Structures are given as structure tokens and as C-alpha cells.
Amino acid sequence: MADAVYTTPEHAQLRDTVARFLAEEVEPHGAAWEAQGFVPRAVIRALGRLGLLGITYPPEYGGAGADALTAVVFQEALARSTFGGFVITVLVHTDMASPHLAHAGSRPQLDRYLRRVIAGELVTAVAVTEPDAGSDVASIRTRARRDGDGWVLDGAKMFITNGVHGDLYFVAARTDAESRGARGISMFVVEKGTPGLRVGRALDKQGWRSSDTAELVFESCRIPAANLLGEENRGFYAIMRNFQTERIALAAMAVGHCQTALALTLDWVANRRAFGATLFDKQAIRQRLALLDAKVQAARAFLYHCAWLVTQERECVREVSALKALTGELANEVLYACQQFHGGMGYMRESAIERLVRDARVLAIGGGATEVMLEEVAKRLRT
Amino acid sequence: MKVLVPIKRVIDYNVKVRVKADGTGVETANVKMSMNPFDEIAVEEAVRLKEAGVATEVVVVSCGVAACQETLRTALAIGADRALLVETDAELQPLAVAKLLKAIVAKEGPQIALLGKQAIDDDANQTGQMLAALLGWPQATFASKVKIADGKAEVTREVDGGLETVATKLPVVITVDLRLNEPRYVTLPNIMKAKKKPLETLKPDALGVDVAPRLATLKVAEPPKRKGGVKVPDAAALVDKLRNEAKVI
Ligand SMILES: Cc1cc2nc3c(=O)[nH]c(=O)nc-3n(C[C@H](O)[C@H](O)[C@H](O)COP(=O)(O)OP(=O)(O)OC[C@H]3O[C@@H](n4cnc5c(N)ncnc54)[C@H](O)[C@@H]3O)c2cc1C
């Protein structure tokens, strides 16, 4: 696939580094991580040593100081892996959780955590979703009550990626008991091992099996006043801002998986024979693959366009929401067809395509479900 | 002490190479290109020599089209200090490259020219040897271990049936083999730093070298398609087939 106009020679080098890391450090070991339910911390730290966990963060903390396009190159390259659980473990850390710290952290908070976050020594998680509040973020009920020189958190969080083995949690809680809805929500940093925070259970998922996902329980969990992240009662807006970063990363993940799935499938149909020819010789099959490839290329161009809008600091909620909806659905369309063309082997646990099918499903659900994304687009269609 | 590392941009080793329909060469349009893997090992070794305090500067040079700059940048990201591009769209054969490199050696004055033992595109395995001959320098090819000390090079070479160790004076041409080292990962901070390192472009004319090919390519063709195998019931049947059908024993 030809490169987008935005990409530079450095992007190509970054892709090469990531591809080598996948080939040597991920693909041979991913099956064991799927079985144990999490990615070993040493792998995260190895990515940290390559400078890949702080792409857009300031060099003074060990970041690369690069732009949103470079981040997308990394996300897409990482998502060429056939282990979605590995990919999401990393991307939640780099593009969904740690941005809360990098964007809103005070000087002392940055000094305390950011360097180790970028080095991969502290793995981060973001805890917004609750058992009774997912798409509707403004309806969360976890409470943070001011008490002397600290805050006391009570409530529960659901579906938290890196929640079982994470070191640092960015938690959304209601700080103004009077207000309802978007106002009155704040973000907090909670360190692993803080009394009153426990993992309710590790959740068993259809896909992303090498990613650990937790239900978290906060019971009179006391944290210092200094752990308020950003402005009190303005957390909802910080969450919405970070959702843009998160959704682009998820879109890059979808596009990366689509490319890998198509490559695996092209290989398969070129070698598999039926009725006197290869499956690729059947026009019904190769034309379907050609159209899917066209859709993936179009989605990829849109992905890079959205990242470019971010580098230009343009308002792009409509575009990013549309991108998230489009790519979440496209990943499922592509994987469904790729599995189909693998025949029975595509249904077997030993094939990468079978795993990618399960991994793709959540891309239309997590981090902004398709319907919710389309509402964001629809609201902006008629202005 | 300066180390010069010549590097070549080749079709990436993962690419399935296709012969052009008209038989004049192989398809390079829209094909991923990378640094010749043996050259990457040479760059790694040079950077290690610098890190060990043996070398003071690592200069990389590539001869070819403008896009070779990207390959040079990769070498800079591994840790080379400076890059030179001898830019030309002409077809370059090993002798022409060796002549260009001789001119670069005269300009730069390195004590070691460290090359890959061959390039994976044409597999010629000639440039290092030709360069040594043109310069009148000693050569140590197929290095699997390199030791530089007291103005001497001690190089372990992989030869048929074992390892051979040769000692030479400096300056020397060394070509490296696969097992010399494992090149490091190129980290993102080093990719960013490489952008700012100096890269100078020269033309063959300025070096006074005539690069015109001395060999003509008549035709390039695909290797014959592999035929499907057969299963034999036991060793005796295999020996029989090898002797009477394949006639190889
Ligand atoms: C594997 C996994 C990992 C996750 N990781 C994290 C994490 O690390 N941190 C975190 O905070 N959250 C995480 N989530 C939560 C995820 O972001 C939510 O699941 C998602 O936002 C959807 O919320 P929900 O599950 O409550 O579904 P609901 O909000 O109950 O939605 C159910 C369905 O209703 C639809 N729907 C909702 N509202 C509307 C509407 N207005 N119009 C039409 N349809 C609508 C939705 O699109 C969806 O199809 C994770 C989820 C999963 C599955």
C-alpha cells in the first residue's frame, strides 16, 4: 500500500523497528500470553527502552516529542500484530490512560510519574466506565469526597483494561454531589496498592485474551489531595478531550488488523486449491478481497487525515467520531470475510485469523460504541 | 581512527522478488527497500568499535539514487556520525562502486573500510575485494569476529570446514559475515536524532570516476517452478530413486 502524503522517512524507520519487535518479541510468544491472560511487564519495558511509549511526550521526561501522525504510525504498525490483546495492553497505556497524566498533570505529578510511565516501569489504566454507566459517561456514580487533607473514593469501575496488573489508575469520580450530568466530575491518580482499592475480579473475555481486564472496587479509598488530576469538577471535559486521542488509536488498531487479516487471507487463498484452481483464481473471492482492500485503504487515508487535523490543532470531533464508527465496523466486515475465505481452518483456535475475528469484535463496542459515535456525527451533520 | 562503512539499498529481504515481464531485470516499483542486511551488521560493528573507544568516527557512504538517503538515515539512527551519498541514477556494478569508494577513501582517510560480504540483490561478493585491490590494502573477508588493537586487525573468518584467524596491518578492508553481531534495534529517539546528522551529496563526476557498466545483462528469468514432491515408503526406496531417477548418487 502506498504511503500517505503525510508520512516521512522517519515514519518508515519507526515502522521497521516495530515490525522487527513484533516478529522477534511478540508473535512467537503471544499464544502463551493469551493463555495466562496478560502481557509480561518485561515486554512493556522493552518497548519503553526503544522510546516507543512516549511518542508525543516531552523529551525532558524521556518522550520523543513527536506529533500525532508519528503516534498513528506507531499504533498502526503495532496493530499489524495478530495479538489484539497485546496491542490494546500497549495502546491503553500510551494513548488512552497516560494522556490523562500528560495533558493535565501538575509539575509535581509529572515529575513523580511521567518518566517511569514513558519507560514502561509504571503501566497505566483509565477507569471511567462503571457497571451502570458506559456510553453515558456523565451518569457515573463513583464518588470522591473531600476529607481533611485528602479525598475518599467509593464506587465501582467496570471493564478496566490493564486493571488487574496496572500500576497507576486514572479514575473518574463525582466530586460535586449536588450537580448531575457532565458537571461535577473530576479525575484522580490512584496508585496500585492504595488501601481501599481492590480488583473485584479479572474478567473473562471473548477476545483480547492477552489483555487483563478488571472490575475495580473502591471502598473508602483514601488518596492525598495532591492526587486530583486537572481541575476539580472539570474532569468530564478532560475525558472528552482524551477520547479523541483514544479513538484515533483504536481506529489505527482497526486499520492495522485489517491489513494483517487481508495479508494472511491473500496468502491463504493463493495456496489453497479447490475445483482445479487456487481460491484466488475465483473471481468471487478475489473481487471481494479487492473491494475490502479498497475500503481499508480509504479508511487508512481518513485515519491519517484525522491525525493530521490533530497536528493542525483543528476541531475534529465529527471526523474522529466518524472514523471510529467506520473503522470499528470495517474491522468486523473484513475479519468476517477473511475468516470465511479460510474455510474450516478459520474456525480453528490454531489459526491467527480466528483470534483476530474475536479480537475485532470489541473494536465496534469499546472506546465509543458505533451507535454512540454515529450520534456524535449526526449531531454535527446539519450545522 | 575513522571507520568507513559503505552501504547498499536493496529490495527488502521479506519481499518476494518478481522478474519484470520484459526480462530486463526485477520489479522495483512499489517494492519495499531496506539496507542490505550484511551492511547493517557492518554499521553495527563500526558503532560498537566507536562505543568501545577504538574508533573515533563512523562515516557511512552509499552510491545510488537519491532515495539511498533513507538508507543512510537508518545507518545514522543505528549510530553512525555522518553520511555521504554519491548520487547517480546510473546502473552501478561492483567495479564502479569500488572505484567510487576508492575516491571516497582518498577524501576521508579512514583506517578501516568495513563492508558487508555481499549484497542480497545481486549476491556478487566482489566490492570489498575489488576495493582492497584498487587501494593496495590488505583484506579480511567473511569476518565473524573483529579485533582492532595496536594498529593491527585480527579477524576471524568463516571458511569451509571451520574458522580461520588472520592478522593484518591497518589500513584494511574487512567484509562481514552474518554471525559477526546482531544489529541493535533502531530506537525512536535515535531516529529523531539521525534527522539532524550531516548528510553530504556528491556526484561521480566530481570524484573523477567513470561508472559506465562493463558487463551487459542479456536476460533475467524466473527460476523454474518447483514441482510437487513425492512420499517414499522407506530409505531403500529413497536411495533407489536418488540413484536411478535423479542420478545423483
Ligand atoms: C474489552 C473492553 C475493555 C474496556 N476497557 C475500558 C477501560 O480501560 N476503561 C474504561 O473506562 N472503559 C473500558 N471499556 C468500556 C467501554 O468503553 C464501554 O463498554 C463502551 O463505552 C460501551 O459502554 P457499555 O458497555 O456500558 O454499553 P452501553 O452504554 O450500555 O451500550 C449498549 C449498546 O447500546 C448502544 N447505545 C448506547 N447509547 C445509545 C444511543 N444514545 N443511541 C443508540 N444506541 C445507543 C451502544 O452503542 C451499545 O451498542 C472497555 C470495554 C471492553 C469491552
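The values are calculated or read from the model by the stated rules, or taken from the named source; none is laboratory data. From a predicted model like this one, the values you see are computed outputs, not experimental measurements. Positions of Cβ are backbone-derived with ideal geometry, glycine not excepted, and every protein chain shown enters the neighbour counts.
Structure summary
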read-out: Single residue of A:Leu363, A:Leu289, A:Leu335, A:Leu323 found to be within 15 Å of the ligand (Cβ to nearest atom), assigned by TED's automatic domain parsing to the domain that holds A:Phe243 and under 30 Å from A:Glu34 (Cβ atoms); value: A:Leu363
read-out: Those residues of the range B:206-249 which are part of a loop (DSSP other than H, G, I, E, B), among the hydrophobic types (A, V, I, L, M, F, W, C) and in contact with a strand residue (DSSP E or B) (Cβ under 9 Å, 6 or more places away or on another chain), in sequence order; value: B:Val209, B:Val211, B:Val220, B:Ala221
read-out: Count of residues meeting criterion [within 15 Å of B:Val59 (Cβ to Cβ), among the small types (Gly, Ala, Ser) and touching a residue at least 24 places away in the same chain (Cβ under 8 Å)] in the range B:78-112; value: 5
read-out: Boolean, A:Arg49 is charged (D, E, K, R) and either more than 13 Å from chain B (Cβ to nearest Cβ) or closer than 19 Å to A:Leu264 by Cα (or both); value: no
read-out: Selection status of A:Arg273, surrounded by 15 or more Cβ atoms within 10 Å (Cβ to Cβ) and in the same structural domain as A:Glu246 (by TED's automatic domain parsing); value: no
read-out: Boolean, A:Met158 is more than 24 Å from A:Gly54 (Cβ to Cβ) and in contact with a Leu (Cβ under 9 Å, 6 or more places away or on another chain); value: yes
read-out: Residue within the range A:58-67 that is of a type outside the set (D, E, K, R) and away from every other protein chain (no Cβ under 11 Å) present; value: yes
read-out: Which listed residue is within 16 Å of the ligand (Cβ to nearest atom), more than 17 Å from A:Ile44 (Cα to Cα) and of a type in the set (S, T, N, Q), from A:Ser139, A:Ser98; value: A:Ser139
read-out: Residue list for the range B:74-90, restricted to those being over 15 Å from B:Ile41 (Cα atoms), surrounded by fewer than 23 Cβ atoms within 10 Å (Cβ to Cβ) and touching a helix residue (DSSP H, G or I) at 6+ places or on another chain (Cβ under 9 Å); value: B:Asp81, B:Arg82, B:Leu84, B:Leu85, B:Glu87, B:Thr88, B:Ala90
read-out: Lone qualifier among A:Arg198, A:Arg180 - being assigned to a strand (DSSP E or B), away from the ligand (no atom under 16 Å from the Cβ) and either buried (at least 16 other Cβ atoms within 10 Å of the Cβ) or not assigned by TED's automatic domain parsing to the domain that holds A:Ala298 (or both); value: A:Arg198
read-out: Selection count where residues are within 10 Å of chain B (Cβ to nearest Cβ) and surrounded by fewer than 22 Cβ atoms within 10 Å (Cβ to Cβ), scope the range A:18-46; value: 7
read-out: Whichever residue in the range B:157-192 is of a type in the set (S, T, N, Q) and more than 30 Å from A:Arg49 (Cβ to Cβ) and, among such residues, is farthest from the other protein chains (Cβ to nearest Cβ); value: B:Thr168
read-out: Near pairs, Cβ below 6 angstrom, 6+ apart or cross-chain, from the range A:113-133 (within 14 Å of chain B (Cβ to nearest Cβ)) to any residue that is of a type outside the set (Phe, Trp, Tyr) and within 12 Å of the ligand (Cβ to nearest atom); value: none
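Here's the yes/no breakdown for (1) aliphatic (A, V, I, L, M); (2) in the same structural domain as A:Thr245 (by TED's automatic domain parsing); (3) within 16 Å of the ligand (Cβ to nearest atom); (4) modelled with pLDDT under 95:
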{"site": "A:Leu47", "(1), (2), (3), (4)": "yes, no, no, no"}
{"site": "A:Ala71", "(1), (2), (3), (4)": "yes, no, no, no"}
{"site": "A:Glu76", "(1), (2), (3), (4)": "no, no, no, no"}
{"site": "A:Arg80", "(1), (2), (3), (4)": "no, no, no, no"}
{"site": "A:Ile88", "(1), (2), (3), (4)": "yes, no, yes, no"}
{"site": "A:Arg107", "(1), (2), (3), (4)": "no, no, no, no"}
{"site": "A:Leu114", "(1), (2), (3), (4)": "yes, no, no, no"}
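For every residue, the table says whether it meets (1) at pLDDT below 95; (2) surrounded by fewer than 17 Cβ atoms within 10 Å (Cβ to Cβ); (3) over 13 Å from B:Val61 (Cα atoms); (4) in contact with a Gly (Cβ under 6 Å, 6 or more places away or on another chain).
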site: B:Val3; (1), (2), (3), (4): no, no, no, no
site: B:Lys16; (1), (2), (3), (4): yes, yes, yes, no
site: B:Glu40; (1), (2), (3), (4): no, no, no, no
site: B:Glu45; (1), (2), (3), (4): no, no, yes, no
site: B:Arg48; (1), (2), (3), (4): no, no, yes, no
